[in-house]
Amino acid sequence: MAKAFRLMRENMKHVDIVFELVDARIPASSRNPELDEVLGQKPRLLVLTKTDLADPARTKEWVQYFKDQGLAVVALDTRGHKTPQIMTKAAREVLADKWANLAEKGVKDKAIRALVAGIPNVGKSTLLNHLVTKNVAITGDRPGVTKKLQWLKTPTNLELLDTPGVLWPKFEDKRVGEHLAMTGAIKDQLINNDDVVLGMLKFMRDYNPKAITERYHLPEDSFDTMTDVEILLLITQKLGFKDDYDRAAERMLIDLRRGKLGQYTLEVPADHIGEVVDD
């Protein structure tokens, strides 16, 4: 993280705006709390990604929540064909005053230079791939280009600087770690899959138990008559994994992350009212 933040600081003076990407399924947990100090007062656009996997109603709530905090925000499926236009329009709105001043000085059609930041697995690569088409150009011979970072030019007059996805070293809230693990932001080798899945089952018990019973062909009253541990063991049997519940847990996490258990959002704005979201 220290190396990534150093690269960000070195290049901050070369960008007009920061695109901060967060996972729409975990909008609070996927924001690195140490990023604010690095970005300072640089104009920012908060981008809620993976909306195709998130609960649409919850996404609307989160967009309004962040707007109420004074942040510019867009929510999108980064693979959508309108993504380049949406991102460019939103960036121009954030920078409207600055661009108006440049226009008065005779500077027009200036490309918007954006630094793209976010935690691992938040969709940065997908966004970049859909913003930058076959006409991609690496714009070198200018400040900000290093051996580790490259500028990518888009047809909509954006110049993008990708940065490594980084997590912070310690989670103050246990739920943050659980949510990051469920959505795949933390490498599975570093966690106990069965513990994560038990947390998932606890969430689904209240949120959408039918998604579990239908996906794994369980009795409809499973969540009424069984504990989460018993459900995990039953699913292990249903999947043909005998007593290998860790293997079953891995399969269930893959299903969750790929949308096989329906759209879901693990966090609601009401749980975060009163928190400082941006300095």
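The values are calculated or read from the model by the stated rules, or taken from the named source; none is laboratory data. Please read all numbers here as calculations on a predicted model, not as lab measurements. Note that each Cβ is placed from the backbone with ideal geometry, even for glycine, and that neighbours are counted across all protein chains shown. These accessible areas exclude ligands, DNA and RNA; they are computed on the full protein's heavy atoms, side chains included. Shrake-Rupley method; radii C 1.70, N 1.55, O 1.52, S 1.80 Å.
A few points about this structure:
- Amide hydrogen proximity for A75: with H placed 1.01 Å from N in the peptide plane, the residues at 5 or more positions away or on another chain lying under 5 Å are L48.
- The chain - percent of accessible surface contributed by carbon and sulfur, probe 1.4 Å: 49 percent
- Using the average count of surrounding beta-carbon atoms within 10 Å as a protection proxy, the listed peptides 203-213, 118-128 rank, highest first, as 118-128, 203-213.
- Mean shadow area of the stretch 174-258 over all directions, Cα convex hull, nm²: 5.3 nm²
- Across K67/K98; K174/K242; K60/K202; K13/K82, pairs whose alpha-carbon gap is larger than 27 Å: K174/K242; K13/K82
- Computed log₁₀ I(q)/I(0) - Debye formula, equal Cα scatterers, no solvent, the chain, q 0.07, 0.08, 0.09, 0.14 Å⁻¹: -0.30, -0.39, -0.48, -1.01
- Aspartates and glutamates whose Cα lies under 17 Å from that of K89, excluding same-chain neighbours fewer than 8 positions away: D16, E20, D77, D97, D109, E159
- Compared with the direct C-alpha span, the chain from E104 to K42 gains 20.1 nm at full extension, assuming 0.36 nm per residue.
- Extension gain for E93 to R6 (0.36 nm times residue separation, less C-alpha to C-alpha distance): 28.5 nm.
- When DSSP beta bridges are restricted to pairs lying wholly in the chain, around 20% turn out antiparallel.
- Think of the chain as having a plus end and a minus end, set by charges on the Cβ of Lys, Arg, Asp and Glu; of L233, L167, A4, A4 sits farthest toward the positive end of this dipole.
- Per residue, the accessible area of the chain comes to 52 Å², computed with a 1.4 Å probe over protein heavy atoms only.
- Measuring nothing but how far apart in sequence close Cα pairs (under 8 Å, 6+ apart) lie, relative to its length, the stretch 174-258 scores a relative contact order of 31 percent.
- Relative contact order, percent, the chain [alpha-carbon distance under 8 Å, six or more residues apart]: 22 percent
- Charges were assigned to the Cβ only: +1 to each Lys and Arg, -1 to each Asp and Glu. The resulting dipole of the chain about its Cα centre is roughly 1580 debye.
- Amide H contacts under 5 Å for N121, placed H, 5+ residues apart: none
- Note, ³J(HN,Hα) from phi for the stretch 210-226, Karplus 6.51, -1.76, 1.60, rounded to Hz, x at Gly and Pro: 4, 4, 6, 4, 6, 5, 10, 6, 9, x, 4, 8, 4, 6, 8, 10, 10
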